[in-house]
């Protein structure tokens, strides 16, 4: 009888705990939510996070507070996220480089793509291939032949081991070309030297390239299977015969591993609603970005696919974190 009473007590406690947890999930959020940005203030990731945080603060009735934690290729901020309590009150706006973090930092103390819970892909920026106007080419095939004839050419990107750098290495791998990467700390630092003709070729996200079209910069193609609504006149790499050459830069919200499904679903719905709002779309258009959205499962599939494909490229090209 006493054993039976203990079982009943244990079952009752379990039910009460589960009920309390469900009630807590239903009330989410009941206090401010921190959104970690693992990059410095003022960059694209930070701007997107702040725009989205404003929208979520209004729709969910609690402040979403952006906190910048830059360093180690975003590993510092991501590690803070994965060490956080999985209750939905700590999120992070990550970028595509998380998919290659394990390949770049083999001794890292956590698993960047496994210790997170994907919530929603917020936006995706196509990566463009552009040259200084002095380079006598007008298409990607012409660029390939030009580099074969001028093998000492250099290229730049948005920083060492960035998706844009990997895009350049991917191009080298597909064509068998030899090029030297000139490292800058971000697109903002590299673009001026391309405009000045000091570096003839750049792989960069189109938000950084669009403002300079028609001047000293020629945008040859985007490494995407479909044309961008932002620049519909620019052909894709697939159209130019590079069927396997597609790579882009994405940004999305993630939570710590183990975050309750109900909270993830509520956040995903709120983010998708925000991305459909005219105010959010207008603010993203100012940054030359297009909202992506979708389910948490779709975002997870994207992260895992990039981990496999881009991680292999990092290893093949011998790209290191330094």
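Numbers at a glance
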item: Hits in region 73-108 - residues which are touching a helix residue (DSSP H, G or I) at 6+ places or on another chain (Cβ under 7 Å) and not in a helix (DSSP H, G or I); result: 88, 90, 92, 93, 94, 95, 105, 108
item: One residue from 122, 82 being modelled with pLDDT of 95 or more and either crowded, with 24+ Cβ neighbours inside 10 Å or farther than 30 Å from residue 28 by Cβ (or both); result: 122
item: Selection from region 216-240 of residues that are assigned to a strand (DSSP E or B) and either in the same structural domain as residue 289 (by TED's automatic domain parsing) or in contact with a helix residue (DSSP H, G or I) (Cβ under 7 Å, 6 or more places away or on another chain) (or both); result: 217, 219, 220, 221, 222
item: Test: residue 320 is closer than 18 Å to residue 94 by Cα and either out of contact with any strand residue (DSSP E or B) (no Cβ under 6 Å at 6 or more places or on another chain) or in a loop (DSSP other than H, G, I, E, B) (or both); result: no
item: Elements of type helices (runs of 4 or more DSSP H) in region 111-215, at least 3 residues being closer than 23 Å to residue 71 by Cα; result: 163-175, 187-195
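The values are calculated or read from the model by the stated rules, or taken from the named source; none is laboratory data. Small disclaimer: the values here were computed from a predicted structure and weren't measured. Note that each Cβ is placed from the backbone with ideal geometry, even for glycine, and that neighbours are counted across all protein chains shown.
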